[in-house]
């Protein structure tokens with residue numbers, strides 16, 4: 001990824017820069033802001049839901065990149081479709097194709113790379129906005145927001161050979177890069193205001209978990225921190241998408 005990406009590269013609506021495979025894990029799940037920004041930059045989304053029986057492609061010749069989103073399941077669950085998805089993640093990583101894992105997607109990447117994914121030792125969750133600190137390498141890539149939105153109870157150890165990009169106070173490993181084109185984030189930069197309202201309403205019981213923030217704090221955090229998260233995501237995607245059309249040093 002280029003450092004210090006300064007300018008977005010919006011495409012004309014009639015242009016198509018390629019398809020981005022978006023892997024979702026529930027019937028009602030959407031790519032959220034990530035999907036909107038990808039489409040605004042001229043990419044077409046190819047949504048697949050392996051948990052609901054959708055097949056994953058045998059190769060990536062027809063795709064410019066892959067985004068794997070979150071879900072309520074654990075990467076450690078003994079689900080046949082999850083094993084298939086893990087194997088697919090391994091193929092993407094082996095090809096060093098442009099790959100972004102979000103929350104569960106990041107944990108799938110970590111597990112496929114041999115790292116442990118487990119619950120917090122004190123049973124804590126991150127549900128709401130929590131502080132984020134970039135590493136020196138992460139800060140060199142692009143500016144990071146001070147707080148990001150979370151919805152998870154498991155975290156990942158840093159895979160061998162991966163570069164740690166950001167850390168947190170509760171779950172220390174928050175973002176990593178593997179190879180030149182693979183990126184994983186434990187948080188949810190794709191969350192829109194509508195998605196947040198739906199999550200905090202439909203899954204209000206999750207707000208009672210140890211470490212979770214109460215509902216009003218989610219909305220307060222949105223107004224405080226979302227502009228910086230949105231800015232980070234735009235700059236990140238511009239750099240990540242550069243990898244789909246060229247091979248920068």
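The values are calculated or read from the model by the stated rules, or taken from the named source; none is laboratory data. Since the structure is predicted, the reported quantities are computational estimates derived from the model, not experimental observations. Cβ coordinates were reconstructed from backbone atoms using ideal geometry, including for glycine residues, and neighbour counts include every protein chain displayed.
Looking only at the stretch 163-188, how many residues end up being at pLDDT 95 or above and surrounded by fewer than 21 Cβ atoms within 10 Å (Cβ to Cβ)?
Residues that pass the stated criteria total 8.
Would you be able to say whether some residue in the stretch 107-115 is at negative phi and at pLDDT below 95?
Of the residues in the stretch 107-115, the ones at negative phi are 107-113, 115.
Imposing the further condition that a residue be at pLDDT below 95 reduces the set to none.
There is no residue in the stretch 107-115 that is at negative phi and at pLDDT below 95.
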Going through 132, 124, 141 one at a time, which residue ends up being out of contact with any helix residue (DSSP H, G or I) (no Cβ under 9 Å at 6 or more places or on another chain) and buried (at least 21 other Cβ atoms within 10 Å of the Cβ)? 132
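May I ask you to verify whether residue 1 is modelled with pLDDT under 95 and under 20 Å from the mean Cα position of the chain (by Cα)?
Details: modelled with pLDDT under 95: yes; under 20 Å from the mean Cα position of the chain (by Cα): yes.
The answer is yes for residue 1.
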Condition check for residue 62: at pLDDT below 95 and either in contact with a strand residue (DSSP E or B) (Cβ under 7 Å, 6 or more places away or on another chain) or crowded, with 22+ Cβ neighbours inside 10 Å (or both): yes
Does the stretch 15-38 include one or more residues that are modelled with pLDDT of 95 or more, loosely packed, with under 15 Cβ neighbours inside 10 Å and part of a helix (DSSP H, G or I)? yes
Which residue, of 191, 229, is part of a helix (DSSP H, G or I), crowded, with 21+ Cβ neighbours inside 10 Å and either modelled with pLDDT of 95 or more or over 15 Å from the mean Cα position of the chain (by Cα) (or both)? 229
